[in-house]
Amino acid sequence: MEFFLQQLVNGLTLGGVYALIALGYSMVYGILKLLNFAHGDVYMVGAFAGYAVLVAFGGPTDPRIPVVVLIFAMFLAGMAASGILGVVIERFAYRPLRNAPRIAPLISAVGVSFFLQNAALLVAGARFRSYGTAKMVDPSTGLQWGPLRISIIRIVVILSAVALMVVLHLLVKRTKLGKAMRATAYDREAAAMMGIDVDRVIVATFLIGSVLAGAAGVMVGLVFSRVFHFMGFIAGLKGFTAAVIGGIGSIPGAMMGGLLIGLAEAFSAGYISSTFQNLIVFGLLIAFLLIRPRGIFGVPEPVKV
Amino acid sequence: MSALLELVDVDTFYGEIHILQKVSLEVGPGELVCLLGGNASGKSTTLKTCLGIVRPAEGRVVFDGEDVTHAPTSHRIARGMAIVPENRRVFAPMTVLENLELGAYLRDGDLTEDFERVFDLFPRLYERRDQLAGTLSGGEQQMLAMGRALMSRPRMLLMDEPSMGLAPVLVEQSFQIISDVHAQGVGILVVEQNANMALQIADRGYVLQTGRIVLSGPASELAEDEDLKRAYLGR
Ligand SMILES: Nc1ncnc2c1ncn2[C@@H]1O[C@H](COP(=O)(O)OP(=O)(O)OP(=O)(O)O)[C@@H](O)[C@H]1O
Ligand SMILES: [Mg+2]
């Protein structure tokens, strides 16, 4: 039971991270019908930005500012760096190809992904970085329920992932921008006919999706402590898998899909073997593509005439 | 009387394909003008050119004395244009209320009065206000498209086949509503397949054929035009 609960907590942490990545995939797909393969690398840059702030303020052992403030600043930096990067990518790699055949932006996306990975390799080198969270925050602090222990940093990560998703949900459901985003995703021309500035909505979508990916990058750095130039590849694929399983284009779907992938991964690592975890995750992807390609919350395609 | 909306020698292309050729037309303030023409003659393209969804290669679009040829759609809507698009184009996964709010996208402030006005006109929409637009019947979706356009308080309403696909009783009703909106002083440019009925309520009309205006004049004269009768009026 204790082991089960521990895996559950692992799964929730991972699930929160994958959900945040999946959201960006899904939102961009919803609005542009584009698989933004550079999205995982945007997340990687967020993790590095968090690392840079950590180093700038003296590193994990001896930070010059209170740890709470430091972690907050790392999140801000990761989200800002990824957000700006996402907007720049949209502007220079995708917008010029808006009316090109659909394969063109896809190729552009793969190109941007390679570019970012190699740029990170050049700047940061090939070695793994660690946030060294255990030196910042005593890993034994946290919640203790009988045999189950949840470290404070995991609690912070899970709660901030949930908070970000709640904010996103409210934004999309309640605000004018959110309504414009949903309208544009459903029918871009009809949205323009309402006076919606479609280009601005697309920029906002990239910005929001990338900010969430940046937050996910910092979360992974804090909990799993492996920051390196290639980290966005597998994480991106898993975010994509989560988006497809949830129903690509659907926001609640991305959240559900992320959670599902996180749990599947944690439980297969815990009960079977960590060598099988990716097999099981991508097996799920294939199963969904075969059996229910629209995903859990399949988004109906608009009737185009 | 100076025109509210005016197209001056407009040429519009889709890629290489030349659609509108030297199209000129005007709609006065509060005037009801119909645009007739066969399939693929360029009627929808004309409306999209007015609104700036497509841009003309040559010629000018003038709205309320301002040359808006290069102005974005949002500017034209903010100045008082609105459209009821072909095939309704309601936002199916959003509620009726949200669709109406989107019609007022560029307006700030309180929409209560506008909701009331639209719900007075279409009580059915009030009953369905929290329902997803995609679950409405075709006729209800047409009402929604109309209500949505009115939410921006337009001075110039572009309507693309508002009666298409409606049962006869609803066709009558939609023409009644066009007349009502017209009576409130809104300028209207309406594209109609239903030429007979359109000419009955319109002040003037234009006939478009393969991208050119081939005939224009007061609606009463057009209704009697022999060529037009043979081609469109089925008499
Ligand atoms: N987005 C587009 N890209 C390329 N060609 C287009 C596009 N939209 C319309 N056309 C072409 O332009 C021509 C005029 O189309 P338009 O929709 O303006 O005609 P219409 O008079 O409204 O026809 P209908 O009565 O069928 O609605 C048609 O030949 C159509 O195929
Ligand atoms: Mg048409």
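The values are calculated or read from the model by the stated rules, or taken from the named source; none is laboratory data. What you see is a predicted model, and the numbers here were worked out from it, not measured in a lab. When we count neighbours, we look across all protein chains shown, and the Cβ atoms used for this are built from the backbone with ideal geometry, even at glycine. Protein only, heavy atoms only, side chains kept; ligands, DNA and RNA dropped before computing areas. Shrake-Rupley method; radii C 1.70, N 1.55, O 1.52, S 1.80 Å.
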Which one of B:Gln200, B:Gln142 is part of a helix (DSSP H, G or I), of a type in the set (S, T, N, Q) and under 27 Å from B:Leu102 (Cβ atoms)?
-> B:Gln142
Give the residue that is nearest to the other protein chains (Cβ to nearest Cβ), with candidates limited to residues of region B:14-39 that are outside any strand (DSSP E or B) and within 16 Å of ligand 1 (Cβ to nearest atom).
-> B:Gly15
All but one of (1) farther than 17 Å from B:Glu86 by Cα; (2) assigned to a helix (DSSP H, G or I) hold for B:Phe175; which doesn't?
-> (1)
All-but-one check, B:Ala71 against (1) more than 8 Å from chain A (Cβ to nearest Cβ); (2) in contact (Cβ under 8 Å) with a residue 24 or more places away in the chain; (3) in contact with a Phe, Trp or Tyr (Cβ under 9 Å, 6 or more places away or on another chain), failing number (2)
Selected residue (only one of B:Leu35, B:Leu7 is within 17 Å of the chain's Cα centre (by Cα) and either touching a residue at least 60 places away in the same chain (Cβ under 8 Å) or open to solvent by 40 Å² or more (accessible area, probe 1.4 Å) (or both)) = B:Leu35
Under 9 Å between Cβ atoms, at least 6 apart or on separate chains: pull out the pairs that start in region A:275-300 with a residue that is among the β-branched types (Val, Ile, Thr) and end on any residue that is part of a loop (DSSP other than H, G, I, E, B).
-> A:Ile280/A:Ile272; A:Ile296/A:Gly247; A:Ile296/A:Ser250; A:Val299/A:Gly247; A:Val299/A:Ile248; A:Val299/A:Gly249; A:Val299/A:Ser250; A:Val299/B:Pro93
Quick check, is B:Val61 more than 12 Å from ligand 2 (Cβ to nearest atom), assigned by TED's automatic domain parsing to the domain that holds B:Gly187, under 23 Å from B:Ala195 (Cα atoms) and open to solvent by less than 20 Å² (accessible area, probe 1.4 Å)?
-> no
Reported set for region B:121-139 where residues are in a helix (DSSP H, G or I) and either within 14 Å of chain A (Cβ to nearest Cβ) or open to solvent by 60 Å² or more (accessible area, probe 1.4 Å) (or both) is B:Pro123, B:Arg124, B:Tyr126, B:Glu127, B:Ala133, B:Gly134, B:Thr135, B:Gly138
Kindly establish whether B:Met159 is within 15 Å of B:Ala104 (Cβ to Cβ) and either away from ligand 2 (no atom under 16 Å from the Cβ) or surrounded by 15 or more Cβ atoms within 10 Å (Cβ to Cβ) (or both).
-> no
Among the residues of region A:40-47, is any over 18 Å from A:Phe128 (Cβ atoms) and among the charged types (D, E, K, R)?
-> no
Residue satisfying all of: in region B:67-89; closer than 18 Å to A:Ala183 by Cβ, open to solvent by 10 Å² or more (accessible area, probe 1.4 Å) and in a loop (DSSP other than H, G, I, E, B); nearest to ligand 2 (Cβ to nearest atom) among these = B:Glu86
Which residues, counting only those in region B:145-167, are more than 12 Å from chain A (Cβ to nearest Cβ), touching a residue at least 60 places away in the same chain (Cβ under 8 Å) and away from ligand 1 (no atom under 13 Å from the Cβ)?
-> B:Met146, B:Leu150, B:Arg153, B:Arg155, B:Met156, B:Leu157
Pairs, first of a type in the set (Lys, Arg) in region A:124-141, second open to solvent by 30 Å² or more (accessible area, probe 1.4 Å), C-beta under 7 Å, six or more apart = A:Arg129/A:Tyr51; A:Arg129/A:Phe228; A:Lys135/A:Thr61
Determine whether B:Met94 is over 29 Å from B:Ala183 (Cα atoms), out of contact with any His (no Cβ under 6 Å at 6 or more places or on another chain) and within 14 Å of another protein chain (Cβ to nearest Cβ).
-> yes
Could you list, in sequence order, the residues of region B:40-57 that are more than 14 Å from every other protein chain (Cβ to nearest Cβ), within 16 Å of ligand 2 (Cβ to nearest atom) and of a type in the set (Gly, Ala, Ser)?
-> B:Ser41, B:Gly42
